[in-house]
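Heads up: the structure comes next, in structure tokens.
The values are calculated or read from the model by the stated rules, or taken from the named source; none is laboratory data. Just so it is clear, the model here is predicted, and its values are computed rather than measured. We place every Cβ from the backbone using ideal geometry, glycine too, and count neighbours over all the protein chains shown. The area values use the complete protein model at the heavy-atom level, side chains included, leaving out ligands, DNA and RNA. Shrake-Rupley method; radii C 1.70, N 1.55, O 1.52, S 1.80 Å.
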Amino acid sequence: QVQLVESGGGLVQAGGSLRLSCAASGSIFSIGFMGWYRQGPGTQRELVATITNGGTTNYADFVKGRFTISRDNAKNAVYLQMNSLKSEDTAVYYCNANVRYIGRTYFTTTWGQGTQVTVSS
């Protein structure tokens, strides 16, 4: 079942911007840690940015100053604003969230299906 719905990926020219969105679905009680990861063709999935439940952010060095992660707890959503995009940013971007569902005491680590970001040079 799809628990995270992503949008905002697509094709953009180098130097351009994209805003990725990810919304968790289901009967959600709360969401803890959230993050964005990416994986290029034939590469390992790597962390891009994370944000805690309290809003503390961390970024991979290769996106610092260009990407901004944010979240909207009321909407069970996390966003990634990507500016000054480079060709090397081309990858499938995955949303990740630790979701606690109503009626449960534990958190379920959940991944989105990924959204393709292609930056043309």
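Given a 1.4 Å probe, how much area per residue of the chain is accessible, in Å²? Let's see the in-between values first.
Values: 6310 Å² over 121 residues.
Accessible area per residue: 52 Å².
Give me the one-decimal nm value for the distance between modelled label points at residue 84 and residue 104, 7 Å along each residue's Cα-to-Cβ direction.
About 3.9 nm separates the two model spin labels.
Could you give the C-alpha radius of gyration of the range 1-41 expressed as a fraction of 2.2 N^0.38 Å, taking N as the number of residues it contains?
This ratio for the range 1-41 stands at 1.47.
Ignoring ligands, DNA and RNA, please state the percent of accessible area on the chain from carbon and sulfur, probe 1.4 Å. Working shown, then result.
Values: 3030 of 6310 Å².
Ligands and nucleic acids excluded, carbon and sulfur give 48 percent.
Bin by bin, in steps of 10 Å, what percent of the Cα pairs in the range 20-112 do you find, going until the bin that has the longest distance?
16, 49, 26, 7, 0
What span do the alpha-carbon atoms of the range 36-79 cover on each of the three principal axes, reported in whole Å from largest to smallest?
Largest first, the range 36-79 extends 36, 20, 14 Å along its Cα principal axes.
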